1. Find the residue count for region 169-185, including only residues that are under 28 Å from the mean Cα position of the chain (by Cα) and not aromatic (Phe, Trp, Tyr).
2. When region 334-368 is examined, which residues are found to be small (Gly, Ala, Ser), in contact (Cβ under 8 Å) with a residue 40 or more places away in the chain, over 20 Å from residue 49 (Cα atoms) and touching a Phe, Trp or Tyr at 6+ places or on another chain (Cβ under 9 Å)?
3. Can you tell me which condition residue 201 does not meet? The list is (1) surrounded by fewer than 24 Cβ atoms within 10 Å (Cβ to Cβ); (2) closer than 19 Å to residue 298 by Cβ; (3) touching a Gly at 6+ places or on another chain (Cβ under 7 Å), and all the others hold.
4. What is the residue count in region 276-295 for residues that are in contact with a helix residue (DSSP H, G or I) (Cβ under 7 Å, 6 or more places away or on another chain), farther than 18 Å from residue 159 by Cβ and surrounded by fewer than 19 Cβ atoms within 10 Å (Cβ to Cβ)?
5. Any idea which of 177, 133, 125 is more than 24 Å from residue 225 (Cβ to Cβ) and assigned by TED's automatic domain parsing to the domain that holds residue 326?
6. Any chance you could count how many residues in region 392-444 are assigned to a helix (DSSP H, G or I) and among the basic types (Lys, Arg)?
7. Could you list, in sequence order, all residues of region 218-247 that are part of a loop (DSSP other than H, G, I, E, B) and touching a Leu at 6+ places or on another chain (Cβ under 8 Å)?
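The values are calculated or read from the model by the stated rules, or taken from the named source; none is laboratory data. Owing to the predicted nature of the structure, the values given are computational and were not obtained by experimental measurement. Note: ideal-geometry Cβ built from the backbone for every residue, glycine included; neighbour counts use all protein chains shown.
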Amino acid sequence: MNFSSSRRRFAHAAVAGVALTGLLTACGGSDSGGGTQASGTVTLPYWGWANGQEAVVKAFNASHQNVKLKYTKVTDQLTMQKQLTNAVKAGNAPCLVQNTAEYVTSWVSQGALADISRYVGAKKAEFNPGSWAAAQVQGKVYGVPTSSAPNFTIYRADLFKKYGVETPRTWDDFIAAGKVLKKHGVKITNFAGEDPSTLEVLAMQAGAHWYAIDGDSWKVDFQDAGSLKAAQVIQAIIDNGLNSTLSFADYAAVQRTYDEGHTATRQISTWQMAGMVQNFTKSFGQWALSPWPTYAGEAAKTPAGTNLTGSVTLVTQQCAHQQQAAEAALWMSTDPGAVQTLASPTTGNGVMPALADSGSYVGRTVSEKLLGKNYPAAKKVVTDSLGTITTDWTFGPDWTAMFTEMQAGWAKVVNREQTVRQLLAHMQAWTVKDLTSRGISVKG
C-alpha cells in the first residue's frame, strides 16, 4: 500500500553485522560510560541523516557553552547500520545516533546502547505514547524520540465522487470500494513486490505480535489471530485484482499512477506527501485525508510500524558522557526552534514532532497545495491519528534479517505464486530457526 519509500526498502535489506548471542543485554552503565568526566567543554559525536539536522546542531551549539555536538551526516539509514556496526566493533561509536524504531532492539541486544531512563524518564509525558514506546525495550529507555509518524489514508476525492464511492471506514468498505473502482480501470492501492511492510502494519493494526519476550526467551508467532486477520484482507485485495504492482525501483512511475488517477489511495504519513507534491503535475487540490480503515467492529487504531520516520536519538554504551548526551537528545526533540526546523518540509523532512502537544505543527506538515479545499479537515485527521498509535509492538532481535527474508516471500504473494498464509507459515519456521542459530532462546 506504499507505506514506505525506497529508503526504507533498502534499509531493511541491510544484513546484521553483529551476531546476537543473548536475549537482551542490560546496558545501563555510569554517567561516564566507562570513560572519565570531562573538565571544560564536552564534545559529543553525533551521527544522523535527517534534512535540517545540521541547522539544529548549529542552534544547539550556539545555545550551550559546556556541551557541543560534532555532527556527521550519514548518507542514509542503510549506511548508518553498517557504519555503526563497524564503530561498535572498533570501540569508537559516537555518543548519539539517529535511528528508527525497528533497529532499537537489535542494538540493545548487541550491548550497543545505554539505558538513559534516569536522565529522561521524567519527560515521558511531553511525548506522545507511540513515539515514546519506540525508544524503549523492556521498559528501559535508550533514546529520545525526535519525530512521530501519524498515519492516514490519502485518496483521490474527485474519483471517489465521480464513481459514487464512499470514503472507506473499514477494510471491508475498502475492498468494496476497490471493486467499484476496478470497473472504471482504477486500482484502489499499490502493492510493491519488494515491500512487505503492508503485511507488517496491517498485522500490527489487527493486534498481532510477531515477537514477544516471554521470561528468558523470545516468543515468535506469525500465525496469531491478528496476523491471519490481516492476511485475509490482503488476500482479498490481491484475489480480486484491486491493486497495482508497481515497484519503488521506478519511483516516477509510482507517482504517475497516483497523479494520473490510475491508483486512488495510499496509507501514508505526512513526510510522504512531500514526494507527491514534488512529482505531481495534474492532481493538485483533488486529494483528501481519512483515517485508516478499521477492522469491522473495532475502534480506530493506527499502526506504529509506519513509524519509520518516527526517529529516535539513541545514546551509545561507549559514550563517555551519557548524561550530557541524553540531555542533548532531549533538547533537540523539545526546543521549539529545533522542532520547527525538522517539522517543516522546507527546512526539514516534513515529519511530525514526537511531542504530545504537536497540534500547532500539523499545518506545516500537511500540504495545502495537494489537498486544496480538503486541507482544513485533513489537519484533524492527522491530529486524531496520533492518539490511536499502537504502543505494544515489539521488534525482534533479528528484525533486519527477518524482513529481508519476508521480502522474497512477499514478492511471491504479490505475483500470486503463494498465499499470504503460506508466507506467514514460512516466516514462523524461518524465524524460529534463525534465532536458534544465533544462540537465542526462542519459543514458537
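1. 7
2. 356, 367
3. Failed condition: (1).
4. 2
5. 125
6. Of the residues in that region, 3 qualify.
7. 222, 223, 242, listed by residue number.
Here's the yes/no breakdown for (1) part of a helix (DSSP H, G or I); (2) small (Gly, Ala, Ser):
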position	(1), (2)
249	yes, yes
252	yes, yes
256	yes, no
267	no, no
273	yes, no
278	yes, no
284	no, no
296	no, yes
